1. Can you give me the number of residues within the range 238-253 that are closer than 16 Å to Thr266 by Cα and surrounded by fewer than 16 Cβ atoms within 10 Å (Cβ to Cβ)?
2. Yes or no: Arg117 within 13 Å of ligand 1 (Cβ to nearest atom) and open to solvent by 70 Å² or more (accessible area, probe 1.4 Å)?
3. Hey, among the residues in the range 61-99 that are in contact with a strand residue (DSSP E or B) (Cβ under 9 Å, 6 or more places away or on another chain) and among the β-branched types (Val, Ile, Thr), which one's nearest to ligand 1 (Cβ to nearest atom)?
4. Among residues belonging to the range 359-417 that are in a loop (DSSP other than H, G, I, E, B) and under 38 Å from the mean Cα position of the chain (by Cα), point out the one that is surrounded by the most Cβ atoms within 10 Å (Cβ to Cβ).
5. Within the range 313-321, is even one residue open to solvent by 10 Å² or more (accessible area, probe 1.4 Å) and assigned to a helix (DSSP H, G or I)?
6. Quick one: count up the residues across the range 33-60 that are open to solvent by less than 30 Å² (accessible area, probe 1.4 Å), without any contact (Cβ under 8 Å) to a residue 40 or more places away in the chain and not in a helix (DSSP H, G or I).
7. Among the residues of the range 258-283, which ones are open to solvent by 40 Å² or more (accessible area, probe 1.4 Å) and within 16 Å of ligand 2 (Cβ to nearest atom)?
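The values are calculated or read from the model by the stated rules, or taken from the named source; none is laboratory data. Owing to the predicted nature of the structure, the values given are computational and were not obtained by experimental measurement. Note that we place each Cβ from the backbone using ideal geometry, even for glycine, and neighbour counts take in every protein chain shown. Note: accessible area is taken over every heavy atom of the protein model, side chains too, but ligands, DNA and RNA are not part of it. Shrake-Rupley method; radii C 1.70, N 1.55, O 1.52, S 1.80 Å.
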Amino acid sequence: MSTFQAPKGTYDLIPPDSATYLAVREAIAAPLKNSGYGYIETPGFENIELFSRGVGESTDIVSKEMYAFETKGGDKLALRPEGTASVLRAALEANLHKAGNLPVKLWYSGSYYRYERPQKGRYRHFSQVGAEAIGAEDPALDAELIILADQAYRSLGLRQFRILLNSLGDKECRPVYRDALQGFLRALDVDEDTRRRIEINPLRILDDKRDAVQKQLVGAPMLRDYLCDACKAYHEEVRELLTAAGVTYEDDEKLVRGLDYYTRTTFEFVHDGLGSQSAVGGGGRYDGLSEMIGGPALPSVGWALGVDRTVLALEAEGIELELPATTSVFAVPLGEEARRVLFALVTELRRAGVAADFSYGGKGLKGAMKSANRSGARYTLVAGERDLAEGVVQLKDMESGEQTPVALVDAVNAIRERLA
Ligand code: ATP
Ligand code: MG
């Protein structure tokens, strides 16, 4: 193993590709910022209990994928595997729900950690941008979140994604369904792992990716037939609002998602160009989560979109984001005096808001022009002793190759005018 190798299942974001990641994060956040969501940032780790209670002991995330550790001081912590439990914890701790202005709408962006089998689109360290609307039960809020995610993906130019939608029922009707499903599943011939799952998290089996299991599920009771009237009406309203907004979705009765805390609306965004890691984002309503972690009843809904997989989706669709060049002007000094004068000019340009860079390390003209080319700058500023004696710098247009002298005293304005 080389010292320069990132840990298994992780990778570094490096220029120029890292610019795409930043742009994706910003594109996902933009519709949220524009819709009353405030930015929240929570620690990268939490007390392990938050996740074991809030995400659920029976989930793969907690039982298999969590990075849990004990500190020298004896604290039992875990690197955060997801954002919802932390955000809700922080909102409760800060009493945001008591400010009399529900729902509390928050968005976040950051790193998450899961001990998974690494493969394309599945990493041990990955990024999400997420949104949570805490403390209101209103189908329009569920619809809002789905509409905003759809808007985010579309703003990136993505087209080959689909929205899968389902309702998981509530604490009235889901237990009745759970019993019925367990009755059906117990009669099946399944492996040890699945047998255990029937007892602790039977709904998850509907989501099993294996064909053989899916065949066995033919004829299983479906949640749709067990939804109580309130859940049915709620779900119908969400669907109507989405349709009215022109957002296309597919009803997916088998969509249950991995987390224990979901109730009613549940949804996933899948992209058809990603192979088996097709989920680019997901979310749903989690009316019981607050109480599960010791808070008051606070019906809430949220989603998290994966940044890594969204970038892969862009690649799959052949989309290149139009990112502005990072450097507009690159300065190439010839000689000591020019170095001081051009460095001062670059500083002035930067203060005037022009993206400018400088040839460092005392390179000769040839090497410095190479750097200027690589920077992608629209203009290069060149100056030698003779130019300075005449009070000018040479401004070279890197597209046309044309070079014009501009007066040093007026250089900042002249450059700004040309760039405008
Ligand atoms: P999957 O079914 O693919 O394991 P998940 O249901 O575990 O996904 P969520 O917990 O809903 O995923 O997280 C939301 C999004 O975060 C996913 O849709 C995905 O884009 C991203 N994500 C989750 N786990 C990973 C991972 N290990 N590597 C990269 N992205 C991930
Ligand atoms: Mg997973």
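1. Count: 5.
2. Here the answer is yes, as Arg117 does meet what is asked.
3. Thr84
4. Ser359
5. Yes: one or more hits.
6. 0
7. Correct list: Asp260, Gly275, Ser276.
Each row is one residue, and each column tells you yes or no for (1) within 16 Å of ligand 2 (Cβ to nearest atom); (2) part of a helix (DSSP H, G or I); (3) open to solvent by 40 Å² or more (accessible area, probe 1.4 Å); (4) within 30 Å of Arg195 (Cβ to Cβ).
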| position | (1), (2), (3), (4) |
| --- | --- |
| Pro31 | no, yes, no, no |
| Val62 | yes, yes, no, yes |
| Lys72 | no, no, yes, no |
| Leu77 | no, no, no, no |
| Ala91 | no, yes, no, no |
| Leu106 | no, no, no, no |
